[in-house]
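Only one structure is covered here, and it is reproduced in the block below.
The values are calculated or read from the model by the stated rules, or taken from the named source; none is laboratory data. Worth saying up front: this structure is predicted, and the values here are computed from it rather than measured. Cβ placement follows ideal geometry from the backbone for every residue including glycine, while neighbour counts extend to all protein chains displayed. Side chains are part of the model used for accessible areas, which takes the heavy atoms of the whole protein and leaves out ligands, DNA and RNA. Shrake-Rupley method; radii C 1.70, N 1.55, O 1.52, S 1.80 Å.
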Amino acid sequence: MTPDTTRQSLPDDRFEVGIIVARRRLKGPWASHAWLPVAALPAAPQAAPWTKLSETEDEATFYAGAHEVSLHIAETAHYRDNLVSGRPSLWVTLHATADDTYEVASVTADPYEGESMAEGIGEIVEAVPMPPEVQAKLLAFFEAFHIERKFEKRKRDRADPEALARRVPGTQGKPE
């Protein structure tokens, strides 16, 4: 098997998804609307970013654009956790670029990275349903690269009770 053949048989570690966002009308006195990622498409369509897809009285949906999802070999256990969760998701982050304009800042399939992105101030992070085609890519990556690691609890070294007795006054805790 040549290196080119081997590389072709391995699953992709990057792929693009299309992101759909919604602008929803709010009823509160402090804001008139909110932006929210609502869906991911399994591939980037030919539409231009921020193309309006639909509009009702309470909500307008837009194709926000394509974004790359990168997979990392060290995170395969996280991807497994996502796939078996009952609701596989992609975490989408919207970043404000100006007053009431946003861009897709990141998209990840790692649930723990998604959770940490939600701790940022001023960014909008939502978990959106993962399309079946993306689930298949994630599963192929997991099956190709996951190595189960056995958890081993470390054992502490036993304290030396004689170490305290050997201290010399004035050495600031350093043994002789």
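Mind checking which pairs have a first residue in the range 129-154 that is over 19 Å from Pro37 (Cα atoms) and a second that is among the aromatic types (Phe, Trp, Tyr) and in a helix (DSSP H, G or I), Cβ under 9 Å, 6 or more apart or different chains?
Leu138/Tyr79; Leu139/Tyr79; Phe141/Tyr79; Phe142/Tyr79; His146/Tyr79
Please specify each residue of the range 72-82 satisfying the condition of being open to solvent by 40 Å² or more (accessible area, probe 1.4 Å) and either within 19 Å of Pro131 (Cβ to Cβ) or touching a Pro at 6+ places or on another chain (Cβ under 9 Å) (or both).
The answer is His78, Arg80, Asp81.
Which one of the conditions (1) open to solvent by less than 50 Å² (accessible area, probe 1.4 Å); (2) under 14 Å from Phe15 (Cα atoms) does Gly120 fail to meet, given that it meets all the rest?
All conditions are met except number (2).
Can you pull out the residues in the range 83-108 that are out of contact with any Leu (no Cβ under 7 Å at 6 or more places or on another chain), buried (at least 18 other Cβ atoms within 10 Å of the Cβ) and over 21 Å from Leu138 (Cα atoms)?
Hit for the range 83-108 is Leu94, nothing else.
Of all residues being at pLDDT below 95 and basic (Lys, Arg) in the range 25-61, which is farthest from the chain's Cα centre (by Cα)? Just the residue, please.
Lys27
In the range 25-53, which residue that is among the polar types (S, T, N, Q) and in contact with a strand residue (DSSP E or B) (Cβ under 8 Å, 6 or more places away or on another chain) is least open to solvent (accessible area, probe 1.4 Å)?
Here the residue is Thr51.
Looking only at residues in the range 5-24 that are modelled with pLDDT under 90 and surrounded by 10 or more Cβ atoms within 10 Å (Cβ to Cβ), which one is farthest from Ala127 (Cα to Cα)?
Applying the filter and picking the extreme gives Leu10.
Is it fair to say Met117 is closer than 26 Å to Gln46 by Cβ, of a type in the set (A, V, I, L, M, F, W, C) and touching a residue at least 12 places away in the same chain (Cβ under 8 Å)?
Numbers: closer than 26 Å to Gln46 by Cβ: no; of a type in the set (A, V, I, L, M, F, W, C): yes; touching a residue at least 12 places away in the same chain (Cβ under 8 Å): yes.
When the stated conditions are applied, Met117 does not pass them.
Among the strands (runs of 3 or more DSSP E) lying completely within the range 50-110, list those that include at least 1 residues that are within 22 Å of Leu10 (Cβ to Cβ).
59-70, 89-98, 101-108
What's the number of the only condition in (1) within 30 Å of Ser9 (Cβ to Cβ); (2) in a strand (DSSP E or B); (3) charged (D, E, K, R); (4) under 11 Å from the mean Cα position of the chain (by Cα) that Glu126 fails to meet?
Checking Glu126 against (1) within 30 Å of Ser9 (Cβ to Cβ); (2) in a strand (DSSP E or B); (3) charged (D, E, K, R); (4) under 11 Å from the mean Cα position of the chain (by Cα), the one that fails is (1).
Identify the residue in the range 27-61 that is without any contact (Cβ under 8 Å) to a residue 24 or more places away in the chain and hydroxyl-bearing (Ser, Thr, Tyr) and, among all such residues, is farthest from Ala105 (Cα to Cα).
Looking at the filtered set, the residue picked out is Thr56.
Being crowded, with 17+ Cβ neighbours inside 10 Å and in a loop (DSSP other than H, G, I, E, B) is the filter; apply it to the range 129-163 and report the residue that is farthest from the chain's Cα centre (by Cα).
Pro131
When residues of the range 122-136 are filtered for being at pLDDT below 95 and charged (D, E, K, R), how many remain?
1
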